[in-house]
Amino acid sequence: MQFSAHLAAQAAQRCAHPDRGDIVLSWLTRLVVIFGLAGVVFFDAISVGVTATTLSDQGNYAARDASEEWQTTKSVQKAYDTAVKTAVEANPLNTVDPVSFRVDDDNTVHLTISREATTLVLYRWSRTAGWAQLDREAKGKSVA
């Protein structure tokens, strides 16, 4: 009977101080915060990477279309306008730098295309805002 009395005393003591799960809740909170921050960082990194890749492709297409226009009209302005039109059709936020636009003797068009990547944090902080602004040099030559 002493043994059962001892067990009853332990059970009563546990009920007086129930385990509230503070340690488990603390770890879960930390995990949620860590995964949340990692998700934001990964989103920004992936967004910048995807924007850089698509921007390069869109710049090359714009340069190729501008080269085709140049071969048809021999007008630098019309070729530039075609490059801008092609770039903006691909993404309305694209801009083509007029200073960098040039046409080589072999009808290759060179240009710089720019766009800001969609990010959650990078553009908000002055030290990292430049990381979201992407510029890509592109060139293209129409064989038509």
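The values are calculated or read from the model by the stated rules, or taken from the named source; none is laboratory data. Keep in mind it's a predicted model, so treat the numbers as computed, not measured. Every residue, glycine as well, gets a Cβ built from its backbone with ideal geometry; the counts of neighbours run over all protein chains shown.
Structure notes:
- If only residues of the stretch 80-95 that are buried (at least 19 other Cβ atoms within 10 Å of the Cβ) and not hydrophobic (A, V, I, L, M, F, W, C) are counted, the one that is farthest from residue 140 (Cα to Cα) is 94.
- Restricting the first member to the stretch 57-75 and to residues that are farther than 16 Å from residue 88 by Cα, and the second to residues that are in a helix (DSSP H, G or I) and among the aromatic types (Phe, Trp, Tyr), the beta-carbon pairs closer than 9 Å and six or more apart or on different chains are 69/80.
- Selection status of residue 114, in a loop (DSSP other than H, G, I, E, B), closer than 21 Å to residue 45 by Cα and of a type outside the set (A, V, I, L, M): no
- Figure legend. Inter-residue proximity from the stretch 86-97: first residues under 13 Å from residue 118 (Cα atoms), second residues aliphatic (A, V, I, L, M), beta-carbon distance below 7 Å, spacing 6+ or different chains. Indicated pairs: 94/87; 94/88; 94/113.
- Counting the residues of the stretch 96-132 that are surrounded by 14 or more Cβ atoms within 10 Å (Cβ to Cβ) and touching a strand residue (DSSP E or B) at 6+ places or on another chain (Cβ under 8 Å) gives 16.
- Among the residues listed as 71, 77, 58, the single one being exposed (fewer than 13 other Cβ atoms within 10 Å of the Cβ) and assigned to a helix (DSSP H, G or I): 77
- Scanning the stretch 64-81 finds no residues that are within 30 Å of residue 40 (Cα to Cα) and at pLDDT 95 or above.
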